[in-house]
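The values are calculated or read from the model by the stated rules, or taken from the named source; none is laboratory data. Treat the numbers as computed from the prediction; the structure is a model and nothing was measured. Cβ coordinates were reconstructed from backbone atoms using ideal geometry, including for glycine residues, and neighbour counts include every protein chain displayed. Only protein heavy atoms, including side chains, enter the accessible area calculation; ligands, DNA and RNA are left aside. Shrake-Rupley method; radii C 1.70, N 1.55, O 1.52, S 1.80 Å.
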Amino acid sequence: MEAVVWILLFVFLLFVSVGVYAGVRAVKAAKRGIDRTVSQARRTVEDTRLRAKQFVQPGPAGELAELRLSLRTSMRATHEVLRAGAPQDPSLSEALGLFERLSAHGRELDEELKRLEQEPTRTRLEAQLPELRERTERITRSADSLRWAAQDRAQRFARDDLDALDREIEVEAGALRHWAPEPEPPSPAASGTGAGSAGPATSAPAPGPASPAAHPTSGEPPRSITGTGSTAGTDSWWQALTSPADAAGTRRKNTN
């Protein structure tokens, strides 16, 4: 009984621990989602303000807003492309590390541009604009280069995968079109019967005067059918066909 109580207590504590762990994970996920939503909302508000300031305030203030907007747009687009492609392509991890170093320079430049928006001296602002414009162009050009390279790489992989898929589909389609069954090879019994029936027909000699038995080609003289002696020059071809009694009667008549 005591063992059953301890087992139930252990199961209860296990369920409580799992529930607490799941609750903590859910709270952290919700917090990350809220932070992400807040950051996106702040970014959207800031971009909208910069666009409005770019068109409303001409001169150095509007140019500062344009520089900040182009810098933020380029960095954000490159980060999204690299972060989305890194899980599928491990080669982008090095590019992502380079982008993090570039992002530090971009963040520093954005903070400097933001401080200069509050600069009341117009001449000082105009004097710093060329150097700020050159830094912004260098950072955005590097970010764009990384983004375009990652996009070209993803498109190349997609084309290669599609080409391989097309070849496999063509092979499978060709195999599916061969629906007619192949002719079965003849069985050994059938082939043996055919060979046996064809054997005598081919081995039987053709009758007629062209037979080697009727006209021997060797140099030996022809032998008599009724005896073993040679019949060359004594018997005609018709004498070989008579019986022994007829031959004896013929010899008796010749004696008389």
Legend entry - Any chance residue 82 is under 25 Å from residue 118 (Cα atoms) and part of a helix (DSSP H, G or I): no
Legend entry - Flag if residue 8 is in a helix (DSSP H, G or I) and either within 30 Å of residue 120 (Cβ to Cβ) or among the β-branched types (Val, Ile, Thr) (or both): no
Legend entry - Subset of the range 91-122 [among the charged types (D, E, K, R) and open to solvent by 50 Å² or more (accessible area, probe 1.4 Å)]: 94, 100, 101, 107, 108, 111, 114, 115, 119, 122
Inset, instruction - State whether one or more residues within the range 2-12 are small (Gly, Ala, Ser) and open to solvent by 40 Å² or more (accessible area, probe 1.4 Å). - result: yes
Inset, instruction - Quick one: which residue in 84, 77 is of a type in the set (Gly, Ala, Ser), under 37 Å from the mean Cα position of the chain (by Cα) and over 23 Å from residue 46 (Cα atoms)? - result: 84
Inset, instruction - Mind counting the residues in the range 33-45 that are modelled with pLDDT of 80 or more and either not in a helix (DSSP H, G or I) or not hydrophobic (A, V, I, L, M, F, W, C) (or both)? - result: 3
Inset, instruction - Report yes if some residue within the range 132-148 is among the polar types (S, T, N, Q) and modelled with pLDDT under 90; otherwise report no. - result: no
Legend entry - Members of the range 159-173 that are open to solvent by 80 Å² or more (accessible area, probe 1.4 Å) and more than 10 Å from the chain's Cα centre (by Cα): 159, 170, 171, 172
Inset, instruction - Among what's in the range 139-158 and is aliphatic (A, V, I, L, M) and within 20 Å of the chain's Cα centre (by Cα), pick the residue that is nearest to residue 75 (Cα to Cα). - result: 154
Legend entry - Test result for residue 155, in a helix (DSSP H, G or I), surrounded by 12 or more Cβ atoms within 10 Å (Cβ to Cβ), without any contact (Cβ under 8 Å) to a residue 40 or more places away in the chain and not basic (Lys, Arg): no
Inset, instruction - Scan (1) closer than 24 Å to residue 51 by Cα; (2) in contact with a Lys or Arg (Cβ under 8 Å, 6 or more places away or on another chain) for the single condition residue 89 breaks and write down its number. - result: (1)
